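Written out below as structure tokens is the structure these notes cover.
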Amino acid sequence: MSNEAFSSLLQRCSEALADRRSYIETWKARRPGAKVVGYFPTYVPTELVIAAGALPVGMWGGPVAVSRANAYIQQYTCSIVRSTTEYALKGTFDILDAALFPPICDAVKLVSSIWNLDFSDRFLVDMVNLPERLDSTASVEYLGAELQRVGDTLAGLCGQPITDAALRAAITSCNRMRSLQEELYRWRRTAAGAGVSLAQMQTVLQAGTLFDSDEYVALLEAFFAASGLATSAGKVRGLPVVVTGLPCQQPHASFLDVFESSGLRVVNDDLFLGMRACGQIAMDGDPYANIARAFTESVALATRYHSQRPRHEFVLEQVRAAKAKGVVLLIPKFCEAEWFDLRYLKEQLAQQSIPCISLDFEEDPGSLGAVQTRLEAFAETLA
């Protein structure tokens with residue numbers, strides 16, 4: 001990556017992610033008594049955590065050898081559920097003061113119950129009960145009340161009330177973070193940003209689930225100030241594609257690197273989409289209701305259905321916005337929700353004559369030869 005401003009941003013994010021415990025310990029040392037709250041993807045309103053004076057930290061899995069967790073969870077469950085539980089059993093998450101889960105699927109509901117039974121002596125475990133229907137007028141009222149319940153729980157944990165002013169300040173910070181991430185995507189589609197790989201983009205976005213939100217915003221703002229949003233005239237290489245279908249679980253960086261080496265250029269993706277999909281939350285009025293409303297109006301995911309916002313329309317919008325030539329559907333192994341949507345998405349893309357290919361993955365990348373071969377073949381069909 002030749003852009004010095006992006007290289008600096010990438011280095012800072014990589015260093016923090018490589019030693020998350022040190023980052024968290026340093027953050028706590030600067031704020032005596034402050035709490036750290038882990039959250040499981042796809043969606044937990046981190047604004048509540050920030051407003052309580054705590055640090056929200058994403059509990060992502062990884063390519064760890066799963067052994068002890070097999071006594072708690074079936075081996076045909078998705079790897080992020082098994083790997084995070086393995087980390088919890090190893091004590092990796094003991095630095096947390098609480099862990100929040102969204103009820104996005106049966107596997108996550110199961111692991112939340114297991115953690116509540118086995119780890120509640122280490123940290124508080126709670127579920128943010130999201131509504132099943134997003135297109136009901138009762139959804140906002142229900143979720144607003146649930147968010148207040150969770151907020152009260154966090155206030156008790158942190159020893160300070162969550163005021164409307166503090167919650168609005170947290171919303172402002174997170175709104176800015178999401179807008180900067182979208183700006184980063186727009187920059188990446190220019191010639192200046194075209195050299196940013198999918199793995200590098202993952203690193204920068206994942207850092208947003210670790211850093212203090214204000215610090216993360218400052219890093220992105222410094223990047224844009226230094227880069228000047230330059231649009232160099234260099235040649236853009238690779239066939240443009242959209243990658244979709246991976247908002248909860250994230251592939252290993254070596255898996256993502258195969259895209260560029262296969263002659264593809266990812267111009268839009270679903271990396272950490274669950275954390276970005278609520279967009280800009282309104283500032284006027286009840287902040288709890290505003291967060292709830294933003295959630296119910298967010299992008300449809302495999303685990304987030306909305307009758308008025310079909311998921312395929314969002315995918316098609318990503319394709320058109322970036323002038324992509326094809327779509328790669330990345331499906332986490334054993335993810336029932338994504339496999340359920342796969343046929344439907346393929347049918348919708350076929351109706352629009354948009355080529356697509358589906359690949360499954362786990363957090364442990366394993367052998368990538370077959371993946372490379374399939375992506376190279378797909379690139380040939382797009383050329």
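Numerical summary
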quantity	calculated
Ala34 versus Asp284: modelled label distance in nm, points set 7 Å from Cα along the beta carbon direction	3.3
Lysines whose Cα lies under 19 Å from that of Lys90, excluding same-chain neighbours fewer than 8 positions away	none
Nitroxide proxy distance, nm - points 7 Å out along Cα→Cβ at Ser22 and Ser254	2.3
Violating pairs (Cα-Cα greater than 27 angstrom) within the set Lys35/Lys109; Lys323/Lys346; Lys28/Lys109	Lys28/Lys109
For a label point 7 Å along the Cα-to-beta-carbon line of Lys323, residues of the stretch 161-191 with backbone N under 17 Å	186-191
Expected 222 nm ellipticity per residue - DSSP helices of 4 or more, -39500 (n - 2.57), all of the chain, to 500	-16000 deg cm²/dmol
Inter-site label distance for Ser67 and Ala218 at 7 Å from Cα along Cβ, in nm	4.2
Gain upon complete extension [Asp121, Trp339; 0.36 nm per residue less C-alpha separation]	74.9 nm
Potential lengthening between Leu368 and Ala138 on full extension [0.36 nm per residue; Cα-Cα distance subtracted]	78.1 nm
Angle in degrees between helix 369-382 and the longest Cα principal axis of the chain, rounded to the nearest 10	60
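No lab work stands behind these numbers, since they all come straight from the coordinates. Model, not experiment: these values are computed from the prediction. Because the Cβ atoms are built from the backbone with ideal geometry, glycine has one as well, and the counts that use them run over all protein chains shown.
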